Every structure is written in C-alpha cells, then in structure tokens.
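Computed from the coordinates by the stated procedures, all read-outs in this text should not be read as laboratory data. These figures come from a predicted structure and were not determined experimentally. Cβ coordinates were reconstructed from backbone atoms using ideal geometry, including for glycine residues, and neighbour counts include every protein chain displayed.
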Amino acid sequence: MSLTCIKPEKLYQKDPKIRPEDVKILQDWLTTQPHLPKIEEFQLIPFLHSCYYSIEMAKTTIDKYFTARTLHPEIFLLPSNDIIKKTCSAVMSHILPKKTPQGYMIYMGTLVDCPVENYHFTTTMIMLNCVLALYAHLHGFEEGLVLIFDCKGYTLSHLTRVNLLATKHWLNHLQVVFLVLGGLLNFSFQEGTPVRIKEIHIVNITPVMDKVLAIIKPILSGHLFQMIQLHSSPETLHKYVPKECLPEDIGGELPPYAILKDQPLNAILENLDLIKWHETQTVDESKRTKTDNTIESTFGAEGTFKKLQID
C-alpha cells in the first residue's frame with residue numbers, strides 16, 4: 001500500500017512483547033476468513049497489543065471491528081468536506097498533544113460553538129471514530145487512552161438533536177472498546193477497537209447529563225458504567241490528569257479549545273486518501289463461514305431504543 005502509515009518495524013520496536021510470528025498467525029488466519037477485507041500488517045499489530053497479546057482475542061476483535069464499520073456506515077463514514085468543516089467549527093474532537101505521566105494519550109471531546117443549530121451529534125460520533133482510527137494508522141498503538149468529555153454548554157436542546165438509533169450503535173461499538181481495551185483483564189468477550197481505554201472522565205456536569213446517563217445506562221454494561229468518573233468542575237479532574245496535559249479551558253496549561261480544535265480538521269483533510277482507503281475495508285457477509293459472529297447476534301435486535309422521552 002502506497003499510503004503513508006506507520007511501519008510495522010516501528011511497532012515491533014515499541015513493544016517487544018509483540019512477536020512477528022504471532023502476527024503471522026493472524027495473517028494466516030485471515031486467509032481462512034473470506035468475509036474479511038485485506039488487512040495490512042501494521043493494522044494487525046495494534047489489535048494484538050490491545051488484547052494483551054492474546055491471539056484468539058485479537059481474532060475476535062478484528063472481526064468485530066470491521067463488522068461494526070460495515071453494518072453501521074452512518075457512524076463511521078466521513079460526510080462531505082463542508083460538513084466536516086462545519087462540525088469541527090462547533091465541536092472539538094482531538095487527541096491532545098501531551099500524554100499522561102503513565103504514557104496514556106488523551107482524547108478530548110467538547111462543544112466549542114454551542115448554538116444548537118450547529119450541533120450534529122451523528123457527525124460528532126463519526127469524528128471521534130475517525131480521529132481514533134487515523135491516529136492508529138499514523139502512529140500505531142499507545143499504552144493506553146484516557147477519554148475526557150467536557151459538557152460545558154450542553155443543554156436539553158442539544159439532547160433533542162441526538163439520533164438515538166445511531167447512538168445505540170455507537171455506544172455498542174464503544175462498549176466493546178471500553179470493556180476489552182480498557183484494561184479489564186476479564187475481557188468480557190466483548191471487543192471492538194485496537195485501543196486500551198484506561199479512564200473515562202465527564203467534566204463540568206450539568207443537570208442535562210442526568211438525562212443523558214439515564215438514556216445510555218441500559219445499553220452499557222455495569223463494568224463500563226463504573227469506569228465513568230463524573231466531575232462537577234475541572235478541579236477534581238486534576239487529581240487524575242495533570243494540568244500540563246489539559247487545555248486552558250479546564251484549568252490546564254495547553255492552548256484553549258479554540259486553537260486546538262483546528263488540528264484534527266487539518267489532520268483529516270491531509271489524510272483523506274488514507275481515511276477513504278480504510279472505509280473500503282468492509283466485510284462481505286455473504287462469504288462469512290460462521291453466521292453467529294455478527295454485531296447483531298452479539299447485541300441483539302434493534303429493540304425499542306427509538307424514542308426519546310425527557311421527564
């Protein structure tokens with residue numbers, strides 16, 4: 001592949017526990033999975049790392065990841081450049097430039113331009129997925145990931161613009177990310193993305209967040225829900241994440257959101273060829289040798305998660 005991505009050699013050097021012979025096992029396994037797309041060596045390595053070097057768990061994670069992206073393009077495929085630019089002007093969805101003392105990278109999500117008419121939740125979900133996938137293709141894996149969501153400015157009016165069915169699919173995907181890749185050693189047999197999620201923080205909690213949490217709680221497992229740390233102000237967040245790793249808007253020493261928000265947009269526009277190539281890596285269900293390993297069979301039917309009710 002001619003696209004500019006991280007070289008496998010750099011990833012092997014990054015973690016000596018990842019052995020080329022184990023990756024070769026995954027490559028051989030792929031030849032027996034005709035429904036899966038062609039997957040490059042540098043893509044396989046983060047799956048093995050995220051699954052704590054378990055080959056069998058990596059196989060399941062790979063299948064879930066590409067199946068989810070195929071079944072739910074509405075939360076994975078990038079929209080037009082104009083929509084991307086509009087979303088990035090309203091929302092910051094960014095891997096921050098400084099890691100934690102433990103070496104964890106930090107994802108930051110927040111509103112920047114708060115008017116409701118500028119808020120498109122589904123596109124925001126796409127941006128999060130795109131930012132994480134792009135980072136993995138350009139930089140490979142990190143020891144862990146800390147997720148921080150700043151709710152300042154989020155209102156009930158923003159909540160009414162949420163597409164609940166798309167949200168369900170997104171949370172199901174993130175759930176498999178968090179449970180397996182979040183450092184939970186029991187793995188829970190739920191996997192989905194090659195990243196080790198270590199912490200989830202929601203800061204500047206507002207009354208509307210009670211409504212949001214009430215909506216998502218039935219979807220999320222107890223393990224995942226317990227990972228979420230709520231902060232009424234940034235001060236308590238600083239006990240977990242040092243100020244030097246955080247933006248100025250939440251008491252940190254990094255530049256403010258208004259400056260940082262342009263960086264993910266630039267990265268996406270500069271790497272559109274890579275992103276579009278990744279979007280072609282889809283699953284062909286007609287060629288699947290087993291029919292019991294799809295996202296639907298894992299999470300069940302759509303259920304009744306279709307109507308928003310606010311007390």
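Roughly what would the spin-label model give for Thr31 and Met209, points 7 Å off Cα along C-beta, in nm?
Rounded to a tenth, the inter-label distance reads 5.1 nm.
Using the per-residue mean of other Cβ atoms lying within 10 Å as a proxy for protection, in what order, highest first, do the peptides 67-75, 144-152 fall? Don't skip to the end; give the middle numbers.
Values: 67-75: 19.9, 144-152: 21.7.
Ranked by mean Cβ neighbours within 10 Å, highest first: 144-152, 67-75.
Can you give me the orientation-averaged projected area of the convex hull built on the Cα atoms of the stretch 20-59, in nm²? Walk me through the numbers on the way to the answer.
Working: hull surface 10.1 nm².
Orientation-averaged projected area of the Cα hull: 2.5 nm².
Which shape class, rounded, prolate or oblate, goes with the stretch 1-109 when its Cα gyration tensor gives a ≥ b ≥ c as root eigenvalues, a/c under 1.5 marks rounded, and past that a/b bigger than b/c marks prolate? Walk me through the intermediate numbers first.
Values: a/c = 2.12, a/b = 1.33, b/c = 1.59.
Judged from the Cα gyration tensor, the stretch 1-109 comes out oblate (a/c at least 1.5, b/c at or above a/b).
To the nearest 0.05, how large is the calculated FRET efficiency for Lys85 and Trp277 if R₀ is 25 Å and r is the Cβ-Cβ distance?
Numbers: r = 21 Å, r/R0 = 0.85.
After rounding, the FRET efficiency stands at 0.70.
Would you grab the residues whose amide H sits under 5 Å from the one on Gly144? Only those 5+ places off in sequence or on another chain, please, with H modelled 1.01 Å from N.
For Gly144, the qualifying residues are Met105.
Starting from the Cα of Lys239, step 7 Å along the direction of its Cβ; do the same at Tyr12; then give the gap between the two resulting points in nm.
4.5
Which of the peptides 57-63, 120-126, 11-17, 252-258 is most tightly packed, and how do the rest follow, judged by the mean count of other Cβ atoms within 10 Å per residue? Before the final figure, lay out the partial values.
Details: 57-63: 22.3, 120-126: 20.4, 11-17: 13.7, 252-258: 16.6.
Descending mean neighbour count gives 57-63, 120-126, 252-258, 11-17.
Residue-wise, which Karplus ³J(HN,Hα) couplings in Hz belong to the stretch 227-233, taking 6.51 cos²θ - 1.76 cosθ + 1.60, θ = phi - 60°, and x for glycine or proline?
6, 6, 9, 9, 10, 6, 8
Would you mind giving the three semi-axes, in whole Å and largest first, of the ellipsoid equivalent to the stretch 59-114 according to its Cα gyration tensor?
Working: eigenvalues 119, 100, 12 Å².
Equivalent-ellipsoid dimensions as semi-axes: 24, 22, 8 Å.
Provide, in order from the shortest bin, the percent of all Cα-Cα pairs of the stretch 88-146 in each 5 Å bin, continuing until the bin that contains the maximum pair distance.
Once binned at 5 Å, the Cα pair distances of the stretch 88-146 give 4, 18, 26, 21, 15, 10, 5, 1.
How much FRET efficiency would the formula 1/(1 + (r/R0)^6) give for Glu21 and Gln229, where r is the Cβ-Cβ distance and R0 is 35 Å, rounded to 0.05?
Details: r = 39 Å, r/R0 = 1.12.
The value I calculate is 0.35.
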